[in-house]
Structure formats: C-alpha cells, structure tokens
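Engineer: A single structure is presented below for examination.
The values are calculated or read from the model by the stated rules, or taken from the named source; none is laboratory data. What you are looking at is a predicted structure, and each value in this text was computed from that prediction instead of being measured. For the accessible areas, the whole protein counts, side chains as well, though only heavy atoms, and no ligand, DNA or RNA atoms are used. Shrake-Rupley method; radii C 1.70, N 1.55, O 1.52, S 1.80 Å.
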Amino acid sequence: MSHHCSSLVLHCIDFRLQPAIRGWLEKEGLMGDCDIVAVAGAAKDLDEGNGDYLLKQIDISYRLHNMRQVILMNHTDCGAYGGRMENDEQKHQAVMARVADLITAKYPEIAVKKVLVKVGEDGGVSLAEV
C-alpha cells in the first residue's frame, strides 16, 4: 500500500507558533497531506552546514512519500538565533533563500516555499509567504 503527501514542512519547535502554523496548514489544505519536521531554528542548521539530519528527513519524505514541495518556516524572535535581532525579518528571509537554493540544487524537482512567521512584541503570531 503506497502513501503520498504533497509537502514537507520545516518549522521551529517554539510552542508559541503551533496554533498559527496549524491554522495556516489547515487554510492551505495541507493538514493530513504533509510531513512535519520541527527543530530549533528551523532552517538554521542547513544554512550553517550542519543539516545532515534535515537533509535526511527531506530525502525520506521525497523517497517514501513522494512529496514535491518543501515549506520553510523561520520565525522572528527565535531563541536559536539569539532572540529578537536587528533586521530580524530580513535576516530570516536571507537564511530561507540560501536554504531554498541548497534544497533545489540537491533536488531540482522539489519546489521550495518560504513562509516567515512573525512574532509581534505583544506575542501575536502571523504568517506571510516571502
């Protein structure tokens, strides 16, 4: 019996994000149709050259579940990066762009979508495709 999913979602483990990410996945029709990998810093390890574990997860999802899209979700005010930083949004967008290039170089047939999860000063969370 084969089983397939459309996407692999890579996001941070931060508990503050879970309801917003779940809502976004539901709105996009991806709940029940994606593999989910949650690690501190999301794409950080891939960007820093320490992403063997994450590449293995992408490979497994690609081979076993025939997924054709990776969704990268980095977030502002991320503790793995040291918390809120100057130019937070731009820095996370740059990390996701570099990691998207790395993934597409290794898997040209996989699309990469980048979603920035913004954590406001008031604790509110919003998601925006970048």
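Engineer: Of the listed values (i) 114; (ii) 99; (iii) 144, grab the one calculated as volume of the Cα convex hull per residue in Å³ from the structure here.
Structural biologist: Computing volume of the Cα convex hull per residue in Å³ and matching it to (i) 114; (ii) 99; (iii) 144 gives (ii).
Engineer: Give me the number: length gained by fully extending ILE13 to ALA105, i.e. 0.36 nm times residue separation minus the C-alpha to C-alpha distance, one decimal in nm.
Structural biologist: Length gained, ILE13 through ALA105: 30.5 nm.
Engineer: For the chain, with all protein chains present and a 1.4 Å probe, just round the carbon and sulfur fraction of the accessible area to a whole percent.
Structural biologist: On the way: 3360 of 6720 Å².
Answer for the chain: carbon and sulfur cover 50 percent of the accessible area.
Engineer: Taking amide H positions as placed in the peptide plane 1.01 Å from N, state which residues far from ALA42 in sequence (5 or more) or on other chains have amide H under 5 Å from it.
Structural biologist: The answer is CYS12, ILE13.
Engineer: For the chain, how many pairs of lysine residues have a Cα-Cα distance under 14 Å, where the two are 8 or more positions apart or belong to different chains?
Structural biologist: Working: LYS44/LYS91; LYS44/LYS114; LYS56/LYS106; LYS91/LYS114; LYS91/LYS118.
Counting lysine pairs in the chain gives 5.
Engineer: Find the centroid of the Cα atoms in segment 55-102 and in segment 13-29, then give the distance between the two in whole Å.
Structural biologist: Computed from Cα coordinates, the inter-centre distance equals 15 Å.
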